[in-house]
Amino acid sequence: MCFLCLSPASFSCHMDDFIKAVKQVEDGDPGSDPVAVLKRLRRAAGLNDAFIQHFLGDANSGGPEIDAALSVYIRKTVHHRVTEDAKEEGVVLTSDGTTVALMPVLLGIEAGLLSKTEGGYQGLHQLTLAKDLALSFRHSSPLTPVLGPDGCWDSVTSPQVFTLLDSPSLVTTAQVNGGMDGIVLGMEAKSRHPLKLSSLLTEYYCHQLDREGLDVAPRLISRRRRENFRGLVSRPVLIRQVLKSQELMRKLVGRRLMRVRQLRPMVKEGMREFVQKYIECPPIIPRCMWGAEPYRGNPTNLSLPLSFLYIHHTHTPSKPCLTFQQCSADMRSMQRFHQEDRGWDDIGYSFVAGSDGYIYEGRGWHTRGAHTLGHNSIGYGVSFIGDYMATLPSQHSMGLVRDKLATCAVSGGRLVANFTLQGHRQVVNTSCPGDAFYNEIRGWKHFGVCTYEHMTY
């Protein structure tokens with residue numbers, strides 16, 4: 001197994017391997033409780049600064065030392081930093097295709113287990129998200145990103161290096177994912193007796209969907225990260241926790257840090273971006289993660305905001321995809337067909353909805369697609385993987401597009417607020433998006449009748 005290798009360069013940064021490492025730590029001291037296991041992981045990772053100790057205590061107290069090679073692996077996968085060449089360390093790839101910073105996950109679980117009062121979670125929000133958000137918000141400027149970006153791995157089968165897609169902020173998407181997971185799992189851990197850390201992580205990150213997808217899936221799985229977080233943490237609570245984190249940092253490191261009253265307007269502005277990016281918008285798997293080939297030729301930029309959203313089904317592939325691996329394979333298959341057989345520059349769709357809980361980036365927000373003949377300049381084309389002549393996509397995948405992607409497009413200035421939603425067949429002679437699915441979208445908000453007045457190639 002990777003964590004037994006002596007060379008850090010050979011370790012895999014996959015959540016499955018990290019869970020195996022946790023299991024080995026647990027097996028090395030069978031009588032230890034999960035808090036003791038978490039302290040040993042913290043010690044190996046070097047997570048013991050004054051802020052963390054304020055809530056969780058000293059990681060150096062108690063418990064046997066972890067094997068040297070295993071300690072190297074744990075530090076590599078848990079200790080977070082972004083290098084000058086935009087490599088993000090302390091993150092792992094999960095089976096659902098998303099990337100997670102492990103530090104806030106582990107700190108959140110430990111904070112949840114140490115919470116004594118009913119409904120109270122001392123330090124939970126501050127250790128997972130609030131402190132990092134305070135840091136990012138107080139360093140925000142028109143030239144500096146406040147949040148993000150996401151990134152891509154050098155390999156999805158044996159991930160080693162994670163490279164960010166753009167200039168890094170002080171809170172990357174992997175940190176947000178880890179922070180959300182830390183809060184969700186911290187609140188869950190408190191109610192679990194007895195609890196084994198490796199079992200909790202396995203249950204959350206390794207659940208396999210059946211053919212009905214997320215419609216019947218358990219609540220506590222990573223694919224439900226954003227909806228679970230939204231149900232547990234309100235915007236006012238998070239703002240308050242960010243400000244409390246700033247005040248505590250002033251006490252711990254000195255008064256030279258910005259006062260809370262000075263930070264407050266920055267926090268309110270930054271929180272608007274946080275909510276738009278990570279609550280209103282759905283999780284989107286970037287092109288490099290599903291293995292996209294480069295665009296052929298020179299892409300044409302769209303003039304935003306657009307006025308239409310066109311709904312498609314893929315027809316082929318005909319079956320819904322339920323895993324990151326299958327959805328990615330379907331995306332590559334469609335791109336090959338569009339580029340090789342049809343001679344297009346790229347996959348035609350702007351975005352594609354899988355049944356695994358994620359939206360997959362096609363040509364994206366800014367590049368004109370090849371999805372709806374005569375209408376590609378005025379609307380986005382969103383397709384659902386599967387054949388929906390007689391059946392419907394999963395309720396969850398339809399909600400991701402209808403309620404999340406569309407809202408995200410409007411709040412981000414990419415679609416006009418009164419945009420029109422249409423099925424492919426309304427403007428092109430085709431059966432797409434299938435009889436059953438077309439009858440369904442006729443009841444969606446923004447659905448509109450066919451108009452040809454804006455036709456353009």
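Residue-wise test of (1) in contact with an Asp or Glu (Cβ under 7 Å, 6 or more places away or on another chain); (2) open to solvent by 10 Å² or more (accessible area, probe 1.4 Å).
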{"site": "Lys20", "(1), (2)": "no, yes"}
{"site": "Val25", "(1), (2)": "no, no"}
{"site": "Gly31", "(1), (2)": "no, yes"}
{"site": "Val35", "(1), (2)": "yes, yes"}
{"site": "Arg40", "(1), (2)": "no, yes"}
{"site": "Phe55", "(1), (2)": "no, yes"}
{"site": "Ser61", "(1), (2)": "no, yes"}
{"site": "Ile66", "(1), (2)": "no, yes"}
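Restrict the check to the stretch 329-337 and report whether at least one residue is farther than 17 Å from Tyr295 by Cα and in contact (Cβ under 8 Å) with a residue 60 or more places away in the chain.
No.
Could you grab me the full set of residues in the stretch 360-379 that are under 20 Å from the mean Cα position of the chain (by Cα), closer than 16 Å to Leu306 by Cα and open to solvent by 10 Å² or more (accessible area, probe 1.4 Å)?
Those that are under 20 Å from the mean Cα position of the chain (by Cα), closer than 16 Å to Leu306 by Cα and open to solvent by 10 Å² or more (accessible area, probe 1.4 Å): Arg363, Trp365.
When you look at Asn439, is it more than 25 Å from the chain's Cα centre (by Cα) and not in a loop (DSSP other than H, G, I, E, B), yes or no?
yes
Scan the stretch 237-276 residue by residue and report those that are within 22 Å of the chain's Cα centre (by Cα) and surrounded by fewer than 15 Cβ atoms within 10 Å (Cβ to Cβ).
Within the stretch 237-276, Val237, Glu269, Arg272 qualify.
Here are Arg226, Arg211: which of them is assigned to a loop (DSSP other than H, G, I, E, B) and touching a residue at least 24 places away in the same chain (Cβ under 8 Å)?
Details: Arg226 fails: assigned to a loop (DSSP other than H, G, I, E, B).
The conditions single out Arg211.
Listed residues Val382, Val401; which is part of a strand (DSSP E or B), open to solvent by less than 10 Å² (accessible area, probe 1.4 Å) and either among the aliphatic types (A, V, I, L, M) or without any contact (Cβ under 8 Å) to a residue 24 or more places away in the chain (or both)?
Val382
Scan the stretch 76-95 residue by residue and report those that are basic (Lys, Arg) and modelled with pLDDT of 95 or more.
Of everything in the stretch 76-95, those that are basic (Lys, Arg) and modelled with pLDDT of 95 or more turn out to be Arg81, Lys87.
When Thr316 is evaluated against the numbered criteria (1) farther than 30 Å from Val171 by Cβ; (2) open to solvent by 50 Å² or more (accessible area, probe 1.4 Å); (3) touching a Cys at 6+ places or on another chain (Cβ under 9 Å); (4) not small (Gly, Ala, Ser), which criterion, by number, is the only one it fails?
Going through the list (1) farther than 30 Å from Val171 by Cβ; (2) open to solvent by 50 Å² or more (accessible area, probe 1.4 Å); (3) touching a Cys at 6+ places or on another chain (Cβ under 9 Å); (4) not small (Gly, Ala, Ser), Thr316 breaks only (3).
Please specify each residue of the stretch 372-393 satisfying the condition of being more than 11 Å from Phe437 (Cα to Cα) and either touching a Gly at 6+ places or on another chain (Cβ under 6 Å) or among the β-branched types (Val, Ile, Thr) (or both). It would help to see each step written out before you state the result.
Within the stretch 372-393, the first condition is being more than 11 Å from Phe437 (Cα to Cα), and the residues that meet it are 372-383, 385.
Matches in the stretch 372-393: Thr372, Asn376, Ile378, Gly381, Val382, Ile385.
Being small (Gly, Ala, Ser) and either part of a helix (DSSP H, G or I) or out of contact with any helix residue (DSSP H, G or I) (no Cβ under 8 Å at 6 or more places or on another chain) (or both) is the filter here; which residues of the stretch 160-190 pass it?
Going residue by residue through the stretch 160-190, those that are small (Gly, Ala, Ser) are 167, 169, 174, 178-179, 182, 186, 189.
Result: Ser167, Ala174, Gly178, Gly179, Gly182, Gly186, Ala189.
Could you check how many residues of the stretch 428-439 are touching a residue at least 24 places away in the same chain (Cβ under 8 Å) and either over 25 Å from Thr316 (Cβ atoms) or surrounded by fewer than 20 Cβ atoms within 10 Å (Cβ to Cβ) (or both)?
The total comes to 4.
Given the criterion farther than 30 Å from Arg250 by Cα and touching a helix residue (DSSP H, G or I) at 6+ places or on another chain (Cβ under 8 Å), identify the matching residue among Leu147, Leu197. Give the derivation first.
Working: Leu147 fails: farther than 30 Å from Arg250 by Cα.
After applying the criteria, what remains is Leu197.
Checking Gly413 against (1) touching a Ser or Thr at 6+ places or on another chain (Cβ under 8 Å); (2) open to solvent by 30 Å² or more (accessible area, probe 1.4 Å); (3) in a loop (DSSP other than H, G, I, E, B): exactly one of these is not met. Which one?
(1)
Which residues, counting only those in the stretch 127-148, are in contact (Cβ under 8 Å) with a residue 40 or more places away in the chain and of a type outside the set (A, V, I, L, M)?
Thr128, Lys131, Asp132, Ser136, Phe137, Arg138, Ser140, Gly148 - these are the residues of the stretch 127-148 that are in contact (Cβ under 8 Å) with a residue 40 or more places away in the chain and of a type outside the set (A, V, I, L, M).
The values are calculated or read from the model by the stated rules, or taken from the named source; none is laboratory data. Computed from a predicted structure; not experimentally measured. Neighbour counts are summed over all protein chains in view; Cβ atoms, including those assigned to glycine, are modelled from backbone coordinates with ideal geometry. With ligands, DNA and RNA removed, areas are computed over all heavy atoms of the protein, side chains included. Shrake-Rupley method; radii C 1.70, N 1.55, O 1.52, S 1.80 Å.
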